[in-house]
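The values are calculated or read from the model by the stated rules, or taken from the named source; none is laboratory data. In this text, all values refer to a predicted model and were calculated from it rather than measured experimentally. Because the Cβ atoms are built from the backbone with ideal geometry, glycine has one as well, and the counts that use them run over all protein chains shown. Surface accessibility is based on the protein's heavy atoms, side chains included, excluding ligands, DNA and RNA. Shrake-Rupley method; radii C 1.70, N 1.55, O 1.52, S 1.80 Å.
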Amino acid sequence: MRFTNEHLSLPSLCVTFLALLSGNGSFAIPSPVLAQDIEEAGDPSEIVIGERLFLETRFAQFFKQFVDRGGMTNQPFPTGDPVMNTTVTVGEPFPGPFAGY
Amino acid sequence: MNCRACHLVDEPLDTSSGGMRTYTDFARRSPVPVREDGATVAPRNSPPLVNATLPRAGGLLLHFDAEFPTTADLIKPTFAGRNFCWLPGESAQAISHLAKIIREDDGSGPLASDFGKLPYYVVLTGTDPSIPGEFRIPEPFRVSVATATDAEIFNAVANLVSACTEGLVFSQDETGPSICPPTMCSWGKTACRGLLPGRRAGLPIAGDYSR
């Protein structure tokens, strides 16, 4: 199970797009070298750690109930919050990305 | 529950009724966890967060009923409120529970493994020389977890999540935050698959992002 692919989705993408747009000020064919350079610079650490906290499921009261029943902070959750099982849409729901957490 | 369950990005890319989101969801009203108050949904669905916190004339007002003037002001009662399963009157419990997780996390969980397997107390204290640069937060964001109060830890977490939320912006140029030609507004799959030859190259998309 992976929570993320790389640490951030949008900030990295936005920085890259900014790079692609800058220079002569027009929307240019992306330069792989430039995009790579920017990507490798990475996101500021406070954003990276902020994203980890954005993804953290244990702050929820549902996890507190588990702790109150004797669960430990670092113990895998036996059954996650059922609200996470599906992602609700205006049509059919699809499997929730955090099912089991 | 976590912020991302309601503010989705690339998780549903390969789902037939899904697609790229800019930190919003697919619901008419976002579902909330079950508690004894009987509530099942939030008053609205989650709005996109990209560009949501850009500074603006007249100041920032967040939530559609203008409830909060800053991102951190929104984040604290979100972590300690109904979206995270807490009822009115339980915010002190929510704050002390969050602080306990920060103090006790040992970096062994699946989420931590995407972030260097560092325990929260190490990351938030920020002084351990072994913390890699990408995870070493600047001093204004740090809190000495060993000595901090619950409220200080809670504030530090809110500040970090604020930084992350405020970092969600579409591309801009020197004239301001207005650039989003149609080609770029459809950045989702294109960006993940083709445009970025850097660290995303060849990586699997969707599905594997979160499960």
Quiz item: Across region A:90-101, which residue is nearest to the other protein chains (Cβ to nearest Cβ) among those that are more than 20 Å from the chain's Cα centre (by Cα) and open to solvent by less than 90 Å² (accessible area, probe 1.4 Å)?
Solution: A:G91
Quiz item: Checking B:P33 against (1) surrounded by fewer than 20 Cβ atoms within 10 Å (Cβ to Cβ); (2) more than 17 Å from the chain's Cα centre (by Cα), which test does it fail?
Solution: (1)
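How many residues does region A:65-75 contain that are open to solvent by less than 40 Å² (accessible area, probe 1.4 Å) and facing chain B (nearest Cβ under 7 Å)?
If we filter region A:65-75 for residues that are open to solvent by less than 40 Å² (accessible area, probe 1.4 Å), which is where we start, we get A:66-67, A:71, A:73.
Cutting the leftovers down to facing chain B (nearest Cβ under 7 Å) gives us A:73.
Adding up the residues that qualify gives 1.
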Quiz item: B:A201 passes all but one of (1) more than 9 Å from every other protein chain (Cβ to nearest Cβ); (2) exposed (fewer than 14 other Cβ atoms within 10 Å of the Cβ); (3) modelled with pLDDT under 65; which number fails?
Solution: (1)
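Please determine, by comparing only the residues of region B:123-135 that are more than 18 Å from the chain's Cα centre (by Cα) and under 19 Å from A:G42 (Cβ atoms), which one is farthest from the other protein chains (Cβ to nearest Cβ). Please lay out each step first, then the result.
Kept after step one, since they are more than 18 Å from the chain's Cα centre (by Cα), are these residues of region B:123-135: B:125-133.
Within this subset, residues satisfying the condition of being under 19 Å from A:G42 (Cβ atoms) are B:126, B:130-133.
On the way: B:G126: 9, B:S130: 14, B:I131: 9, B:P132: 9, B:G133: 7 Å.
Taking the candidates together, the pick is B:S130.
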Quiz item: Does region B:21-28 contain any residue that is touching a Pro at 6+ places or on another chain (Cβ under 7 Å), of a type outside the set (A, V, I, L, M, F, W, C), more than 15 Å from B:T165 (Cα to Cα) and at the interface with another protein chain (Cβ under 8 Å from one of its Cβ atoms)?
Solution: no
Quiz item: Which of the residues spanning region B:29-44 are of a type outside the set (A, V, I, L, M, F, W, C) and within 11 Å of chain A (Cβ to nearest Cβ)?
Solution: B:R29, B:S30, B:P31, B:P33, B:R35, B:T40
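Does B:R28 fit the bill of being more than 24 Å from B:V157 (Cβ to Cβ), modelled with pLDDT of 95 or more and exposed (fewer than 15 other Cβ atoms within 10 Å of the Cβ)?
Values: more than 24 Å from B:V157 (Cβ to Cβ): yes; modelled with pLDDT of 95 or more: yes; exposed (fewer than 15 other Cβ atoms within 10 Å of the Cβ): yes.
Yes, satisfied.
So, B:A5, is that one closer than 18 Å to A:V83 by Cβ, within 7 Å of chain A (Cβ to nearest Cβ) and either touching a helix residue (DSSP H, G or I) at 6+ places or on another chain (Cβ under 6 Å) or at pLDDT 95 or above (or both) or not? Don't jump to the end; show me each part of the working.
Values: closer than 18 Å to A:V83 by Cβ: yes; within 7 Å of chain A (Cβ to nearest Cβ): yes; either touching a helix residue (DSSP H, G or I) at 6+ places or on another chain (Cβ under 6 Å) or at pLDDT 95 or above (or both): yes.
Yes, satisfied.
Within region A:44-58, track down each residue that is over 14 Å from A:M84 (Cα atoms) and facing chain B (nearest Cβ under 7 Å). Quick ask: steps written out before the conclusion?
Filtering region A:44-58 down to residues over 14 Å from A:M84 (Cα atoms) leaves A:44-54.
Of everything in region A:44-58, those that are over 14 Å from A:M84 (Cα atoms) and facing chain B (nearest Cβ under 7 Å) turn out to be A:S45, A:E46, A:I47, A:V48, A:I49, A:G50, A:E51, A:R52, A:L53, A:F54.
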Self-check item: Single unsatisfied condition, B:V50 versus (1) modelled with pLDDT of 95 or more; (2) surrounded by 17 or more Cβ atoms within 10 Å (Cβ to Cβ); (3) within 12 Å of chain A (Cβ to nearest Cβ)
Solution: (1)
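Any residue at all in region B:80-96 that is assigned to a loop (DSSP other than H, G, I, E, B), modelled with pLDDT of 95 or more, open to solvent by 60 Å² or more (accessible area, probe 1.4 Å) and charged (D, E, K, R)? Before the answer, list the steps.
Going residue by residue through region B:80-96, those that are assigned to a loop (DSSP other than H, G, I, E, B) are B:80-81, B:85-90.
Retained after the next criterion (residues that are modelled with pLDDT of 95 or more): B:80-81, B:85-90.
Filter once more, keeping what is open to solvent by 60 Å² or more (accessible area, probe 1.4 Å): B:88-89.
Next, only the ones that are charged (D, E, K, R) stay: none.
No, every residue in region B:80-96 fails to be assigned to a loop (DSSP other than H, G, I, E, B), modelled with pLDDT of 95 or more, open to solvent by 60 Å² or more (accessible area, probe 1.4 Å) and charged (D, E, K, R).
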